[in-house]
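Working notes, beginning with the structure itself.
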Amino acid sequence: MVRPIIQISNLMKTYKLGGETVHALNNVSLEIEKGEFLAIIGPSGSGKSTLMNMIGCLDRPNAGKYLLDGKDIGKMNDNQLATIRNQKIGFIFQNFNLLTKLTALENVELPMLYRGVPAKERRERALAGLSKVGLKERAGHLPTQLSGGQQQRVAIARALVGNPAILLADEPTGALDSKTSKEILQVMKELNELGHTIVLITHDLAIAKEARRMVSIQDGQLQENGGELIGNFAIY
């Protein structure tokens, strides 16, 4: 039996806010198979950002268990978590997070520089990443010389070059127009077809439906393929 790449069991996360206890995650369980394209949908305040932070090893739960590729994340210290983030997870953000003074190629190379990858190998892998997202010919362009969609493609290439187990995309089309959003989603579908595991966080039902599987979150609770869908949100 093949073990899921992500196994989340009974996760709880609470915050103190103005003297009240907020249950950001309430007994959340979720399994994600290797090679899946999963969308997690929910409105602002639903708990989806907290869940994303848990999956991305950016935060710790108050209770419950999270196994990533068989490793118990709850037993790791901060340095071990940083290593997991660096080696196992490729992050794709809404606002691209590119360094404006670096070319597309240099932006894609940057994570490998921190990992100590030799210059020749960095360049080869960065060019391969840009080629994968259809931007090899823009390698020498600065972010200001690229469209929003092209900048997001560079960000995707940057996430890919470390060969992460998971691509974690946080509202990756949120800063893009509808036409460009479709192009970026098509790139993500093609990457998924190549075997990449993708977890997409979104508030938009139309975007979530592009994934192969969808779960919805509301008031810190998760539901597969979501209850009654009204507008862009899952309502319970």
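The values are calculated or read from the model by the stated rules, or taken from the named source; none is laboratory data. Keep in mind that this is a model prediction, so the values were computed, not measured. Note: ideal-geometry Cβ built from the backbone for every residue, glycine included; neighbour counts use all protein chains shown. For accessibility, only protein heavy atoms count, side chains too; no ligands or nucleic acids. Shrake-Rupley method; radii C 1.70, N 1.55, O 1.52, S 1.80 Å.
Annotation: extensible slack from Asn97 through Asp219 equals 41.0 nm (criterion: 0.36 nm per residue apart, minus Cα-Cα distance).
Could you do me a favour and compute the accessible area per residue for region 43-95, 1.4 Å probe, result in Å²?
Details: 2620 Å² over 53 residues.
I get 49 Å² per residue for region 43-95.
Sparse packing (at most 13 other Cβ atoms within 10 Å of the Cβ) combined with a DSSP loop state is found for the following trypsin sites (Lys or Arg not before Pro) in region 51-135: Lys101, Arg115.
At 1.4 Å probe radius, can you tell me the per residue accessible area of region 135-199 in Å²?
On a per-residue basis, region 135-199 sits at 40 Å².
Projected over every direction and averaged, the convex hull enclosing the alpha-carbon atoms of the chain yields 13.9 nm².
Expressed in Å, the radius of gyration and Dmax of the Cα atoms of region 54-130 are 15.2, 45.
Taking all protein chains as they are arranged and a probe of 1.4 Å, the heavy atoms of Lys209 leave approximately 130 Å² accessible to solvent.
Largest first, the extents of the alpha carbon coordinates of region 26-156 on the three principal axes equal 47, 35, 27 Å.
Restricting to DSSP H runs of at least four residues, report the calculated mean residue ellipticity at 222 nm for the chain, -39500 (n - 2.57) per run over all residues, nearest 500 deg cm²/dmol.
Mean residue ellipticity at 222 nm (helix-derived): -10000 deg cm²/dmol.
The accessible-area ordering, largest first, of the residues Ser44, Ser216 stands as Ser44, Ser216, per a 1.4 angstrom probe. Counting protein heavy atoms only, region 85-236 has 48 percent of its accessible area on carbon and sulfur, 1.4 angstrom probe.
Using a simple spin-label model with pseudo-atoms 7 Å out from Cα toward Cβ, Leu81 and Arg115 lie 2.1 nm apart. Distance from the Cα centroid of region 180-223 to that of region 24-56 is 11 Å (rounded to whole angstrom).
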